[in-house]
Amino acid sequence: MSWLAQRIESFGHAIRGVRTLLLEEHHAQLHLLATLIALTAGGLLGISRADWQVLILTIAMVWLAEGLNTALEHLCDAAVPEHHSLIGKAKDVAAGSVLITAGFAVVMGALIFLPYIF
Ligand SMILES: Nc1ncnc2c1ncn2[C@@H]1O[C@H](COP(=O)(O)OP(=O)(O)OP(=O)(O)O)[C@@H](O)[C@H]1O
């Protein structure tokens, strides 16, 4: 297989990962809704270029956390299907990082949007 064909195939795997995330993970669907709301609000309120940069970076951080959390959940389930306290801890910490990232994203959204509204 040529170098280009390999890159295209790898890209296809990544797209399949995004599809899996969006179709199978309910939290990812909530993130998608929040992403669409934030992008629409940014457009309607005409936020500055700097605010767009921060907003997009913040959204990307949440997707990064959710994607890694989902990947880790699958890895845990495949590696140790039975109940194990360390698997529980690993999943809890990964889910906690999504919660923290999403929480800061809400704060960031408030800091960006509220000055345009009030
Ligand atoms: N194999 C396991 N051993 C110990 N505890 C586990 C195990 N699997 C899950 N848990 C506990 O159950 C919680 C929920 O795990 P689960 O894999 O169902 O994820 P979830 O929070 O339901 O996420 P999602 O909604 O994305 O599936 C974990 O955070 C962990 O505390």
Search result, residues across the stretch 17-40 that are acidic (Asp, Glu) and either within 18 Å of residue 109 (Cα to Cα) or open to solvent by 60 Å² or more (accessible area, probe 1.4 Å) (or both): 24
So residue 48, is it more than 16 Å from the ligand (Cβ to nearest atom) and either at pLDDT 95 or above or among the small types (Gly, Ala, Ser) (or both): yes
Qualifying residues in the stretch 53-111 (those that are of a type in the set (D, E, K, R), open to solvent by 50 Å² or more (accessible area, probe 1.4 Å) and within 18 Å of residue 28 (Cβ to Cβ)) - the one farthest from the ligand (Cβ to nearest atom): 77
Cβ pairs under 7 Å, 6+ apart, first in the stretch 45-56 and over 12 Å from residue 109 (Cα atoms), second part of a helix (DSSP H, G or I) and open to solvent by less than 70 Å² (accessible area, probe 1.4 Å): 45/113
Any pair with Cβ under 6 angstrom, 6 or more apart, that starts in the stretch 85-98 at a residue that is without any contact (Cβ under 8 Å) to a residue 12 or more places away in the chain and ends at one that is part of a helix (DSSP H, G or I) and within 8 Å of the ligand (Cβ to nearest atom): 87/76
Condition broken by residue 3, with the remaining ones in (1) surrounded by 12 or more Cβ atoms within 10 Å (Cβ to Cβ); (2) aromatic (Phe, Trp, Tyr); (3) over 23 Å from residue 112 (Cβ atoms) satisfied: (1)
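The values are calculated or read from the model by the stated rules, or taken from the named source; none is laboratory data. As the structure is a computational prediction, the values presented were derived from the model and not from experiment. All Cβ positions, even for glycine, are placed from backbone atoms using ideal geometry, and neighbour counts span all protein chains on display. Heavy atoms of the whole protein, side chains included, go into the accessibility calculation; ligands, DNA and RNA do not. Shrake-Rupley method; radii C 1.70, N 1.55, O 1.52, S 1.80 Å.
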